[in-house]
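Participant: Below is one structure. I have some questions about it.
The values are calculated or read from the model by the stated rules, or taken from the named source; none is laboratory data. This structure is a prediction, so every number in the text was calculated from the model and none was measured. Here Cβ is always computed from backbone atoms with ideal geometry, including for glycine, and neighbour counts include all displayed protein chains.
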Amino acid sequence: MTKKRAKRRPKAEKHRARCGIGYDLHRLEPGRKLTIGGIEIPSDKGSVGHSDGDVLAHAVCDALLGAAGLGDIGTHFPDSDPKWKGANSLIFLDHIRAMFEEEDFRIRHIDAIVILERPKLGPHFPTMREAIAKALGMEVDSINLKAKTNEGVDAIGRGEAVAAYAVATIAG
Ligand code: MG
């Protein structure tokens with residue numbers, strides 16, 4: 001595969017560390033699936049979204065695209081495109097993996113926080129980390145996940161929404 005960006009960059013610029021931030025929020029409603037980090041979590045409420053509404057996958061997408069200077073998730077996977085309706089968001093991560101390969105970017109580390117009142121996410125983190133690592137072609141050890149509640153405050157605290165923040169460090 002052609003390494004487009006690598007070719008047009010001076011050698012000294014290659015492999016410097018770059019950092020990106022991502023954030024996402026989805027409303028929660030009864031009778032919908034709750035998918036976080038590519039994993040379906042048993043819950044009485046699930047995310048409302050054009051795709052599967054996976055806040056963690058979406059925040060990670062934006063963190064990676066931001067670090068690479070490649071825009072945002074809405075530009076690459078617009079919610080107006082019927083192709084992404086009900087899509088498993090791990091597909092977005094897989095697209096970004098291919099884009100990074102093309103542009104010669106390497107993912108070094110991902111750190112993320114998911115804010116959800118309930119259920120507890122900690123027990124699902126090992127499976128989520130494996131799913132994200134597989135989609136991105138990176139080591140599980142380079143993905144760190146954290147869970148918070150919103151202490152009953154605001155929409156997230158009332159169980160009406162789920163949010164996620166992510167930071168990605170890449171080299172390229
Ligand atoms: Mg989203």
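Participant: Restrict the check to region 123-140 and report whether at least one residue is within 21 Å of R32 (Cα to Cα), at pLDDT 95 or above and in contact with a Pro (Cβ under 8 Å, 6 or more places away or on another chain).
Facilitator: No, region 123-140 has no match at all.
Participant: Quick one: which of L25, L70, L64 is in contact (Cβ under 8 Å) with a residue 24 or more places away in the chain and under 11 Å from the mean Cα position of the chain (by Cα)?
Facilitator: Unique residue meeting the criteria: L64.
Participant: Okay, moving on. Mind checking which residues of region 92-124 are of a type in the set (A, V, I, L, M, F, W, C), assigned to a helix (DSSP H, G or I) and more than 11 Å from the chain's Cα centre (by Cα)?
Facilitator: Listed by number, the residues that qualify are A98, M99, F100.
Participant: Quick check on S43: is it within 16 Å of the ligand (Cβ to nearest atom), touching a residue at least 24 places away in the same chain (Cβ under 8 Å), among the hydroxyl-bearing types (S, T, Y) and assigned to a loop (DSSP other than H, G, I, E, B)?
Facilitator: For S43, the condition - within 16 Å of the ligand (Cβ to nearest atom), touching a residue at least 24 places away in the same chain (Cβ under 8 Å), among the hydroxyl-bearing types (S, T, Y) and assigned to a loop (DSSP other than H, G, I, E, B) - is not met.
Participant: Evaluate the following for M128: is it in contact (Cβ under 8 Å) with a residue 24 or more places away in the chain, more than 13 Å from the ligand (Cβ to nearest atom), among the hydrophobic types (A, V, I, L, M, F, W, C) and surrounded by fewer than 20 Cβ atoms within 10 Å (Cβ to Cβ)?
Facilitator: Here the answer is no, as M128 does not meet what is asked.
Participant: So, in region 47-78, how many residues would count as being away from the ligand (no atom under 11 Å from the Cβ), in a loop (DSSP other than H, G, I, E, B) and either of a type outside the set (A, V, I, L, M, F, W, C) or surrounded by 24 or more Cβ atoms within 10 Å (Cβ to Cβ) (or both)?
Facilitator: 3
Participant: So for region 5-15 (the condition being at pLDDT 95 or above and under 28 Å from D81 (Cα atoms)), does at least one residue qualify?
Facilitator: No, region 5-15 contains no residue that is at pLDDT 95 or above and under 28 Å from D81 (Cα atoms).
Participant: Would you check which residues across region 107-147 are more than 18 Å from L64 (Cβ to Cβ) and among the aliphatic types (A, V, I, L, M) and list them?
Facilitator: I115, L116, L121, A147
Participant: Looking at region 25-38 only, could you name the residues that are on the phi < 0 side of the Ramachandran plot and buried (at least 19 other Cβ atoms within 10 Å of the Cβ)?
Facilitator: Passing the criteria: H26, L28, L34, T35, I36.
Participant: Quick one: in region 79-104, of everything that is within 21 Å of G38 (Cβ to Cβ) and in contact (Cβ under 8 Å) with a residue 60 or more places away in the chain, which residue is surrounded by the most Cβ atoms within 10 Å (Cβ to Cβ)?
Facilitator: Taking the candidates together, the pick is F100.
Participant: Could you tell me how many of the residues in region 18-36 are in a strand (DSSP E or B) and within 14 Å of the ligand (Cβ to nearest atom)?
Facilitator: The qualifying residues number 10.
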